[in-house]
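A quick write-up on the structure given underneath.
The values are calculated or read from the model by the stated rules, or taken from the named source; none is laboratory data. Because the structure is predicted, anything quoted here is derived from the model rather than measured. Cβ placement follows ideal geometry from the backbone for every residue including glycine, while neighbour counts extend to all protein chains displayed.
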Amino acid sequence: MSDASATSVVIAMSDADAPLCSSETLVNVFNELRDELISTLLFLLGNRDDAQDAAQEAFLKCWRARESLPTVRNVRAWIFRVGLNAAKDFQRSAWNRKARPLMGEELMLTGRDSSPADLLEEQESLELLRRAILELRQEEKEVFLLRQNGGFTYEQIAEMRQSPVGTVKTQMRSALQKLRKVLN
């Protein structure tokens, strides 16, 4: 699903008969977070199409539960939690999708004035990082991506995952140690 079609669904759904404040808040926050969420899901699922599908599914789940929005303390964290759950559901689907390798153009950063050798080196480094992240245990991967890509605090991650802050910090430390070992 393309970004344009995802946006059109978001815009079309914002006109529903739900309470205006909750609907507007959800659509605005989701639109602000969409790129970050897709980036995080990309590391979990292995390719952009699956990440976009999971993000769209996350929006639909959030949209269906929008009546509970006034009771949600952190909408941003709630959306990420729903997105991570959608990615897990996506991985566990009946077809048991295998992570497809990222395409080269997805790994290369655009808008840079770099030589082909620099871009190739960067692409290799990103691929090594991606493989290392995929090798982490599921809970380590989630904590790492929420902290690094999502920019959440340990307290926010603990709240989202309904686990103690100490556990989240331990999982992050374990993830970082494993990543350092692979990348060094």
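Only residues that are of a type in the set (A, V, I, L, M), in contact with a Phe, Trp or Tyr (Cβ under 8 Å, 6 or more places away or on another chain) and either under 24 Å from residue 47 (Cβ atoms) or modelled with pLDDT of 90 or more (or both): list them for region 127-184, please.
Selection gives 133, 134, 136, 145, 146, 165, 168, 172, 175, 176, 179.
Taking residue 89 and the conditions (1) farther than 19 Å from residue 49 by Cα; (2) modelled with pLDDT of 70 or more, which numbered condition does it fall short on, given that it satisfies the others?
(1)
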